[in-house]
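See below for the structure under consideration.
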Amino acid sequence: MLVVPSILDAVTVHAEGALCTRIATLQLVEDRVPTEIQLNGLPLSLRPGTLRAAIRQGPPGLVVRAIRPTFDVQLPPEVDVPGEHRALEEALARVADVAARMEGVQRELQSISKLKPTFPPQKKDSYVPHEAPLSALLALASFVDTELGALHARRLELEQEHRDAEADVRLRRQRLHEASSSVRGERARVYRAAVLTLSGNPWPRETPALITLEYAVPGARWVPTYDLRLPRTLEEGTLRMRASIIQRTGEDWTGVKLAVSTAALDRKAEIPELKALRIGRRQPPPPRSGWREPPPGLDELFAGYDTLRQPLSPPSPPAQAHGSAYLHESPDMDLMAEPMEKERNKEAAPKGGRALAKPMPQKKRSVGSAASAASAPPPPPAAAPRPSGPPRGGASSTGEYEALSRSRGSVAPPAMAMDDESEAMAPQEEEGGYGGVYADMDGSLGGGGAAPQDRPSAPPRMEPSDSLLDYDRLALTPADDLDGRGRLRPRPSHVTREILALSAVQIHVNVLSFVAVSEQEVNSLWRVPTPTWTVPPRESAMHFDARFDLETRADVPSDAAWHTLPVLAVPVGLSAEYVIVPSVETRAFRTVRVENRTPYPLLAGPVDVTLGDEFLMTSPLPTMPPGSTQRLGLGVEESIKIARNTRFDEATGGIFGGSTMLTHHVSVELANRMSNRILVEVCERVPAVPSGFEKDIKVEETEVAPVWQKRTPLPGEVPVEGERAWRVVLQPGEAQTLKATWTVKIPASKMLGGGNRRT
């Protein structure tokens with residue numbers, strides 16, 4: 001089998017799992033198209049049921065007919081032992097040479113470092129100060145500095161060369177150790193592989209064909225993150241979407257086209273079949289696409305096989321036993337046989353089945369073909385005739401009946417076997433056959449039967465279920481199974497593709513242990529904690545799915561660690577606002593209103609905010625559908641000064657003094673100490689009257705300057721009852737005072753819970 005190398009070209013990471021695409025280049029072998037090719041190097045975590053192959057580039061007639069998964073064992077390459085021995089000796093000699101040169105440089109360093117200026121000794125009694133030779137001292141110091149610098153640089157080079165030489169020695173020794181056959185056996189690696197069946201016409205050798213192989217792996221996931229860069233003035237900025245990807249699939253993604261998707265990889269995406277609603281006479285449903293019933297005359301295909309298999313099968317019971325079976329039948333059955341035979345002999349072909357020959361006056365054809373009847377053994381001489389009544393279906397010889405019994409695996413009479421062919425398949429329901437999948441109501445399952453119009457009580461045909469359309473899990477019944485041979489039936493659940501592929505491995509490797517280890521590594525991926533404030537895509541993308549393609553090729557190793565990659569620049573609208581709630585906190589908070597101007601949603605995740613050239617903070621961003629707006633907090637702004645002053649007055653009002661007037665005065669002073677124009681939103685709260693007390697309590701806003709308005713919360717924000725907001729613009733260095741007065745009117749005999757003062 002031709003092994004074609006392939007490279008990983010593209011990966012789409014879904015919410016759970018990834019879809020990988022490999023590209024293989026196929027060249028002609030001896031000017032002919034290879035029948036089967038094998039693509040090796042696939043990860044063990046591959047899902048066999050997701051293999052897909054197609055021709056990306058090639059001649060028009062080249063197609064992929066079939067694909068099946070298998071396993072492949074790869075050994076490390078052979079090692080040239082004599083060459084490695086020589087390389088090891090050279091590496092040891094290089095280490096010794098570098099070490100000798102390092103010792104020489106070290107001696108020179110010690111010698112030069114000892115160079116110091118000296119003076120002749122002087123007696124203490126006759127000490128006379130003399131003039132020091134300054135030029136000589138400077139020259140000596142300059143010489144020492146220059147030589148020491150050169151020697152230190154040389155020593156650094158020799159140390160690096162010595163490290164490289166020692167690493168080379170370790171490498172040569174490791175290769176010699178790996179040259180052992182036992183070690184090479186331990187280092188054998190098991191991979192998945194795919195076998196492709198091709199067909200087509202040859203093409204020019206200079207134009208190779210490109211084959212794409214697609215498969216799914218479970219050990220991958222991703223979460224979205226963002227990067228927001230703003231200037232100091234908060235007037236504009238750029239938002240970039242990033243993807244934090246983690247994978248433990250068993251293969252490194254190197255230089256691949258990456259894309260991330262919020263869709264579930266294991267969700268079925270088949271197009272639904274819409275059935276038409278018609279007013280009129282009932283019509284049978286159209287056959288399902290992809291399903292074809294067994295052809296007429298299916299049993300005749302095995303006539304030769306039964307003939308060759310006959311000597312190996314146990315001897316059939318004597319014909320006398322079959323004759324006795326007829327003798328023990330009840331008279332009622334014999335009386336009913338004649339009218340039933342007349343109904344059967346009507347010239348009507350069964351729907352979907354093979355046409356029955358017109359019965360002869362003296363002899364009836366068997367259910368098997370003429371070849372099957374001719375190949376049957378001659379009847380025994382001691383055959384017992386039926387004592388009463390005409391034979392069913394005419395005078396059928398015992399030899400024909402024995403041939404029918406061997407072909408159908410039943411001891412029923414021939415006429416009953418032909419009529420009850422659909423009932424003979426009922427026991428297959430427990431064995432996973434056709435009994436539980438569909439019912440053959442009119443004898444069209446490869447066998448004979450009466451015409452549909454002759455069976456008024458027969459129910460309509462049932463459509464095949466999805467289990468008969470899942471070709472990957474169907475198996476052809478062997479010829480030894482007389483009940484269902486030549487037909488496709490669902491394979492038992494315990495017989496998987498992996499077990500079938502393992503039977504073809506011819507090397508003593510515990511493949512199941514490798515697969516188990518791969519599954520453990522994949523499951524360990526979900527125990528890795530996610531980055532702070534990240535949300536899984538399936539939770540943030542509630543009712544939609546989106547796909548994002550990375551701008552460049554990227555690398556993601558299979559190390560079960562998070563790797564953050566840039567996805568794309570998001571065109572959004574950014575407007576800076578400063579929010580102040582002076583009744584709670586007399587500080588201004590920077591915020592940015594983010595408007596999603598893209599046709600796709602922005603998923604929830606953390607945003608790394610950079611203000612100017614400095615990292616500011618990380619803030620959570622909620623899910624933003626297209627066209628929505630959200631507020632992103634950026635911390636406290638110290639350059640805006642706030643002061644809030646309140647005054648409370650209580651007086652008696654009303655015609656007869658039966659009411660108490662609670663007047664609240666609030667003034668907020670703002671000062672902009674920044675160098676740019678800013679928009680400030682100041683939030684206050686007016687007392688709200690609870691339901692049921694509208695007659696006793698009244699709140700009136702008497703004086704507000706400038707005018708405020710009811711605040712409209714953004715999506716995701718909790719609305720506050722009675723909230724009001726001023727929206728003012730402050731120029732650089734400008735100060736402004738905001739005033740508001742409201743009066744609460746209550747009965748004089750009552751007071752507010754917690755006190756009348758509400759500021």
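Here are the numbers for this structure:
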read-out: Cβ-defined net charge surrounding Gly573, 11 Å radius [Lys, Arg +1; Asp, Glu -1]; value: 0
read-out: Size of charge dipole - the range 639-747 - debye, nearest 20, with Cβ of Lys, Arg +1 and Asp, Glu -1, no other charges; value: 320
read-out: Principal semi-axes in Å for the range 639-747 [√(5λ), Cα gyration tensor, largest first]; value: 32, 18, 9
read-out: Mean projection area, nm², convex hull over Cα of the range 519-651; value: 13.9
read-out: Per residue, the convex hull volume that the Cα atoms of the range 138-257 enclose (Å³); value: 413
read-out: Proxy reagent accessibility, fewest Cβ within 10 Å first, across Lys114, Lys641; value: Lys114, Lys641
read-out: Separation in nanometres of the label points that stand 7 Å from Cα toward Cβ, at His563 and Ser513; value: 3.0
read-out: Ordering of 293-300, 718-725, 537-544 by burial proxy (mean other Cβ atoms within 10 Å per residue, highest first); value: 293-300, 537-544, 718-725
read-out: Positive-end residue, the range 639-747 charge dipole about Cα centroid, Cβ charges, pick of Pro719, Gly733, Cys683; value: Gly733
read-out: Calculated diffusion of the range 691-759, Stokes-Einstein form, Kirkwood radius summed over Cα pairs, 10 °C and 1.306 mPa s, µm²/s; value: 105
read-out: Packing rank of 520-531, 83-94, where each peptide gets the mean count of other beta carbons within 10 Å, highest leading; value: 83-94, 520-531
read-out: Under 9 Å, Cβ to Cβ, from Val95 - net charge with Lys/Arg +1 and Asp/Glu -1; value: -2
read-out: Anisotropy class of the range 184-255 from Cα gyration tensor, a/c 1.5 cut; value: oblate
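Here, each number is a calculation from the coordinates, and none is a lab measurement. As the structure is a prediction and not an experimental result, all values here were calculated from the model. Virtual Cβ from ideal backbone geometry, glycine too; neighbours counted across all protein chains shown.
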